[in-house]
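Everything below concerns the one structure shown next.
The values are calculated or read from the model by the stated rules, or taken from the named source; none is laboratory data. Just so it is clear, the model here is predicted, and its values are computed rather than measured. Every residue, glycine among them, receives a Cβ derived from its backbone with ideal geometry; neighbour counts consider all protein chains shown.
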Amino acid sequence: MNAEFGRLLLNWYAIHARQMPWRGKTDAYSIWVSEIMLQQTQVNTVIPYYDKWMQKFPTVQALAAAEEHDVLNVWEGLGYYSRARNMLKAARLVSDNYQGQFPSTAVELCKLPGIGRYTAAAISSIAFGADEAVLDGNVKRVLARLFEFSEAVNIPEGEKKLWLLAADLLPKGEASAYNQAVMDLGATICTPKSPDCIICPVNSICISLKSNSQEKYPLMREKQPVPHIDVVAAIIRQNDLVLIARRPSKGLLGGLWEFPGGKLEAGENHAEALVREIREELGSEVIATHKFGVYRHAYTHFKVTLQAWFAELQGEPPNALEASEIRWVKIEELGDYPMGKIDRSISNDLLRM
């Protein structure tokens, strides 16, 4: 069955491979950029970002020489900003320690920031032809249905066995095409809901299809409920300028600019929380005057509802006590500062006032 799966899959891929800007390329930089961007992000979303990135940073040396501000500006909107910061760190390591050439083995690639087992396998197999199997969400789903895999795929025990299975299926010498083929199969035919089994190239050997149980797989351990956080942010104006703060480089949304504020504490309303947060964050006293808008966003592990309020400064000018930097900028210049989704929405609404 293993050899048959590879043969059927590669024959299908030769005709039906998806067309993407990085397909057909074998330079490690292009493959690396695409694979990092594709982490937790769909292909159609990634394509314009990939094109923009490659225009701005066409080589690893160009990226290594860039400022974090410029990297985050190009990345803005893709989310999971630690990916972009790790790319900058990795590019500088490749430029300084590897003579500008990405290492060819998965073991060495895993030493670079932001590269884990899957990404290292993808880069080494696609760019260098290494016999390394990949295992992402699409591949897990394909293998789980193909073999009626009886364990949850989102726990370490199940994932470990799937890695072994993926390696066993890999046709030696054809890892580049095979890995891209199995990912394409999961993305376009063996989809999470309503898989198109009639046209699937491996339907003749799929165990779950024969027992009509394909919708049951992959098995997943139930996740814990996602917590919800209430947040407030201040729009502080001075003449035709507005105050923004730059988050520390480490942590959530690191290095991005925001309207200062923070989480509500127990028993606080939004106006009270705003006054406290600005005192703690900027060392300034403010009066929360009126609400500007309500914004919602879901992160991987929690959800946020943010109220943005106009606030007036009282007394001492603000200082960057908790932020890495603060600036007074014109509203029409806010687009020059990389921001997370909520803060960008606030800035866009301010522009429309």
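Brief remarks on what is shown
- Test: residue in segment 208-228 that is among the hydrophobic types (A, V, I, L, M, F, W, C), part of a loop (DSSP other than H, G, I, E, B) and free of Cβ contacts under 8 Å to residues at least 24 places away in the same chain: no
- Residue match in segment 141-158 (condition: among the hydroxyl-bearing types (Ser, Thr, Tyr) and outside any helix (DSSP H, G or I)): yes
- Exclusive hit being closer than 26 Å to ASN73 by Cβ and surrounded by fewer than 15 Cβ atoms within 10 Å (Cβ to Cβ), set LEU282, LEU253, LEU321: LEU321
- 3 or more residues over 30 Å from LYS89 (Cβ atoms): qualifying strands (runs of 3 or more DSSP E) within segment 254-341: 285-298, 303-314
- Scanning segment 44-59 for residues that are in a helix (DSSP H, G or I) and among the aromatic types (Phe, Trp, Tyr) yields TYR49, TYR50, TRP53.
- Filter result (without any contact (Cβ under 8 Å) to a residue 24 or more places away in the chain, of a type in the set (D, E, K, R) and within 25 Å of TYR98 (Cα to Cα)) within segment 26-72: LYS56, GLU67, ASP70
- Here ALA120, ALA144 are screened, and the one residue that is hydrophobic (A, V, I, L, M, F, W, C) and either touching a Cys at 6+ places or on another chain (Cβ under 7 Å) or at positive phi (or both) is ALA120.
- Single residue of VAL226, VAL232 found to be touching a His at 6+ places or on another chain (Cβ under 7 Å) and surrounded by fewer than 21 Cβ atoms within 10 Å (Cβ to Cβ): VAL226
- Qualifying residue in segment 341-350 (condition: surrounded by fewer than 19 Cβ atoms within 10 Å (Cβ to Cβ), more than 23 Å from VAL286 (Cα to Cα) and of a type in the set (Lys, Arg)): yes
- Index of the failed condition, LEU93 passing every other in (1) surrounded by 19 or more Cβ atoms within 10 Å (Cβ to Cβ); (2) free of Cβ contacts under 8 Å to residues at least 60 places away in the same chain; (3) touching a Leu at 6+ places or on another chain (Cβ under 7 Å): (1)
- Residue list for segment 167-190, restricted to those being surrounded by 19 or more Cβ atoms within 10 Å (Cβ to Cβ), outside any loop (DSSP other than H, G, I, E, B) and not small (Gly, Ala, Ser): LEU169, TYR178, ASN179, GLN180, VAL182, MET183, ASP184, LEU185
- Taken as a whole, the structure leaves ASN11 outside the set of residues that are surrounded by 15 or more Cβ atoms within 10 Å (Cβ to Cβ) and among the polar types (S, T, N, Q).
- Residues (surrounded by 14 or more Cβ atoms within 10 Å (Cβ to Cβ) and within 17 Å of ALA233 (Cα to Cα)) located in segment 325-336: ILE326, ARG327, TRP328, VAL329, ILE331, LEU334
- Residue-level analysis places THR41 among those that are among the β-branched types (Val, Ile, Thr) and not in a helix (DSSP H, G or I).
- Residue, surrounded by the fewest Cβ atoms within 10 Å (Cβ to Cβ), within segment 39-57, restricted to residues that are modelled with pLDDT of 95 or more and within 21 Å of LEU109 (Cβ to Cβ): MET54
So that you can scan it fast, the table gives a plain yes or no per residue for (1) without any contact (Cβ under 8 Å) to a residue 40 or more places away in the chain; (2) buried (at least 16 other Cβ atoms within 10 Å of the Cβ):
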position: VAL74; (1), (2): yes, yes
position: ARG85; (1), (2): no, yes
position: GLU108; (1), (2): yes, no
position: GLY114; (1), (2): no, yes
position: SER125; (1), (2): no, yes
position: ALA133; (1), (2): no, yes
position: ARG141; (1), (2): no, yes
position: ARG145; (1), (2): no, yes
